[in-house]
């Protein structure tokens, strides 16, 4: 039977402060990217002091804030409003690569399949413009789809780092269609995480463009 390596323990000394500032310190200490929207970032964090794992440190920081953390990838965490206020936060469990949806279990094949369609539709939409083309920036956004599979509500949970590009992304996403209706049981909203591409990686946009007319817009 294979043994599981114990989680690394880290010495934390982060004072209570504006949550956005506390998370910036936490991110530097742990090496994790933590995504949080501007409104939530204004809340007051709890003090994090002592030796603990990275998830334990984040749970301590969010205590009393009404927020919870969900792992979006091996190195990224999304902060959102707690679905169960007053209850102890669950451990940060791995989520499917690139996509995390409220209340959604990895074994739900139908939901996973549709989540992949959403992510592909988003990438294709953003690839249509050089300004919004994914690959060079990190972005988390929350989407809600209507019964036709069209985005009817959304918000950015992080910034791409360029305000003009953030605005362009919002214009692209508004009214985006997945092309098929979501399963009635799909938990919404969805949180989609787009990550920068590594050195030498082939851009998803290159594949979609070559499959269309071979030209780069």
>> Can you find, within the stretch 138-156, the residue that is modelled with the highest pLDDT among those that are buried (at least 19 other Cβ atoms within 10 Å of the Cβ) and touching a helix residue (DSSP H, G or I) at 6+ places or on another chain (Cβ under 9 Å)?
In response: 151
>> Could you go through the stretch 162-183 and let me know if any residue there is closer than 28 Å to residue 37 by Cα and modelled with pLDDT under 80.
In response: no
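I'd like to verify a number: residues in the stretch 63-96 that are under 15 Å from residue 191 (Cβ atoms) and modelled with pLDDT of 65 or more, how many? Quick ask: steps written out before the conclusion?
Let us first name the residues in the stretch 63-96 that are under 15 Å from residue 191 (Cβ atoms), namely 67-73, 76-83, 92-96.
Subsequent filtering for residues that are modelled with pLDDT of 65 or more retains 67-73, 76-82.
Adding up the residues that qualify gives 14.
The values are calculated or read from the model by the stated rules, or taken from the named source; none is laboratory data. Predicted model, so just to flag it, every value in this text is computed and none were measured. Using ideal geometry, Cβ is built from the backbone for each residue, glycine included, and neighbour counts are taken over all protein chains shown.
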